[in-house]
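Below you'll find the structure, written out as structure tokens, and then a few comments.
The values are calculated or read from the model by the stated rules, or taken from the named source; none is laboratory data. Just so we're clear, the structure is a prediction, and the values are computed from it rather than from any experiment. For neighbour counting, all protein chains shown are included, and Cβ atoms are generated from backbone atoms with ideal geometry for every residue, glycine included.
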Amino acid sequence: MLSISVKEFLFWKKKQLSKGGDNQSFSFLLECKGGISTGDLNLLNIEPESNIYLKENLDYLGSIWEDHLFNFFPIQYLCGATFWRDLKLKVTDKVLIPRPETELIIDIVFKICGRKSKKLFFAELGTGSGAISIALALEYPLWEGIATDIDQDALEIAKKNYINSSQQSNLRFYCGHWWNPLESFKGKLDLAISNPPYIPEDIYEKLPKEVKNFEPKIALLGGQDGLKHIREIIQKAPLFLKEKGWLILENHFDQGEKVKQLLIKNKFTSIEIVKDFSGIGRFTIGRYK
Ligand SMILES: C[S@@+](CC[C@H](N)C(=O)[O-])C[C@H]1O[C@@H](n2cnc3c(N)ncnc32)[C@H](O)[C@@H]1O
């Protein structure tokens, strides 16, 4: 630990923020790399004469901040972590940084299954960092879940995140293309969830640098119209879901109606387009018959 006067630290902090960026990202950097929590930061203003202790020196922290500001490196990758719901998850550039809007998937599950649900079997297709599956496995200790991904490196991160967040063993991890790893669970799933890659090709090309240059293309690109993976997931879902089993999908802001039509075509009922906090039809859900 390095000791430094609060005055010097606050001067340095002001200088860093004057270069650009937002307070939240800077506080995140200080917490993850510097070992200074937001609570510690708030105390500094009332104790300006004291000293604080940092895990890393100011030059190093400043260089990370500049990498974020000037090279568009996502702060979560630089810090190796992100917060999602009440989880702290390890992230590397092998996994998509789980987005705040995706947190709502867990609330959708609460709504359709209740907070205290009996034993149930779920699968998440394309788990990435494991965020959704881990949150569900923790919320519902009686449930059994399988989290899949095509990318073994992503699965390794998801497994680590599960071990770091849970003492339980109600979640398994399988590698493979969408439903393929679930061959032996045909007709057995009560619930399937996916936030698949859904960005259409032309939009992918215009994504902000911090996304396009750093996050895995395989986690974002959904073919020419963005629906390539969603189509495949919906078409095969009836083979794997139990009768009345639920499918919950995240989609691009303007895909809700198309996803709804795909669900109708594949004999789903109780279909609903669920809005996110910005009023965007971000999720489409349905029940198999
Ligand atoms: C948009 S990311 C979602 C990650 C995570 N579930 C989340 O919500 O943050 C899509 C995930 O699907 C995985 N994926 C892409 N193509 C796949 C395929 N053909 N089969 C299985 N998973 C795939 C990617 O590796 C990535 O982890």
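Matching residues to (1) in contact (Cβ under 8 Å) with a residue 60 or more places away in the chain; (2) assigned to a helix (DSSP H, G or I):
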| position | (1), (2) |
| --- | --- |
| HIS68 | no, yes |
| TYR77 | yes, yes |
| THR82 | no, no |
| ILE105 | yes, yes |
| VAL109 | yes, yes |
| ILE112 | yes, yes |
| PHE122 | yes, no |
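Of the residues PHE240, PHE173, PHE185, only one is over 28 Å from SER270 (Cα atoms) and of a type outside the set (Val, Ile, Thr); which? Give the derivation first.
Working: PHE240 fails: over 28 Å from SER270 (Cα atoms); PHE185 fails: over 28 Å from SER270 (Cα atoms).
Criteria check complete, one pass: PHE173.
In the list PHE173, PHE214, which residue meets the criterion of being in a strand (DSSP E or B), under 23 Å from THR92 (Cα atoms), in contact with a helix residue (DSSP H, G or I) (Cβ under 7 Å, 6 or more places away or on another chain) and within 15 Å of the ligand (Cβ to nearest atom)?
Values: PHE214 fails: in a strand (DSSP E or B).
The conditions single out PHE173.
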Original post:
Could you list, in sequence order, the residues of the range 238-289 that are assigned to a strand (DSSP E or B) and hydroxyl-bearing (Ser, Thr, Tyr)?
Top reply: THR269, SER270, THR284, TYR288
Original post:
Of all the residues that make up the range 86-126, how many are near the ligand (Cβ under 10 Å from one of its atoms) and of a type in the set (Asp, Glu)?
Top reply: 3
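What residue, among those in the range 186-200 that are away from the ligand (no atom under 11 Å from the Cβ) and buried (at least 16 other Cβ atoms within 10 Å of the Cβ), is farthest from TRP246 (Cα to Cα)? Explain how you work it out, then say what you get.
At the first step, the residues of the range 186-200 found to be away from the ligand (no atom under 11 Å from the Cβ) are 186-192, 200.
Okay, now just the ones that are also buried (at least 16 other Cβ atoms within 10 Å of the Cβ), so 189-192, 200.
Details: LEU189: 9, ASP190: 6, LEU191: 5, ALA192: 6, PRO200: 26 Å.
Taking the candidates together, the pick is PRO200.
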Subject >> Unmet criterion (only one of (1) over 17 Å from ARG282 (Cβ atoms); (2) of a type outside the set (D, E, K, R); (3) surrounded by fewer than 16 Cβ atoms within 10 Å (Cβ to Cβ); (4) more than 11 Å from the ligand (Cβ to nearest atom)) for PRO238 >> reply: (3)
Subject >> Conditions (1) within 14 Å of the ligand (Cβ to nearest atom); (2) part of a loop (DSSP other than H, G, I, E, B); number of the one not met by PRO181 >> reply: (2)
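Which of the residues belonging to the range 127-145 are within 13 Å of the ligand (Cβ to nearest atom) and among the hydrophobic types (A, V, I, L, M, F, W, C)? Walk me through it before giving the result.
At the first step, the residues of the range 127-145 found to be within 13 Å of the ligand (Cβ to nearest atom) are 127-136, 145.
If the condition is that a residue be within 13 Å of the ligand (Cβ to nearest atom) and among the hydrophobic types (A, V, I, L, M, F, W, C), then ALA131, ILE132, ILE134, ALA135, LEU136 are the ones that fit.
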Original post:
Since PHE72 meets every condition but one in (1) surrounded by fewer than 16 Cβ atoms within 10 Å (Cβ to Cβ); (2) out of contact with any helix residue (DSSP H, G or I) (no Cβ under 6 Å at 6 or more places or on another chain), which condition does it not meet?
Top reply: (2)
**OP:** Could you tell me whether the range 76-91 includes any residue that is surrounded by 13 or more Cβ atoms within 10 Å (Cβ to Cβ), at pLDDT below 95 and in contact with a helix residue (DSSP H, G or I) (Cβ under 6 Å, 6 or more places away or on another chain)?
**Re:** no
Original post:
Only one of these conditions is not met by ILE203: (1) within 21 Å of the chain's Cα centre (by Cα); (2) surrounded by fewer than 17 Cβ atoms within 10 Å (Cβ to Cβ); (3) outside any helix (DSSP H, G or I). Which number is it?
Top reply: (3)
Original post:
Taking the stated definitions as given, is LEU54 on the phi < 0 side of the Ramachandran plot, surrounded by 14 or more Cβ atoms within 10 Å (Cβ to Cβ), more than 13 Å from the ligand (Cβ to nearest atom) and of a type in the set (A, V, I, L, M, F, W, C)?
Top reply: yes
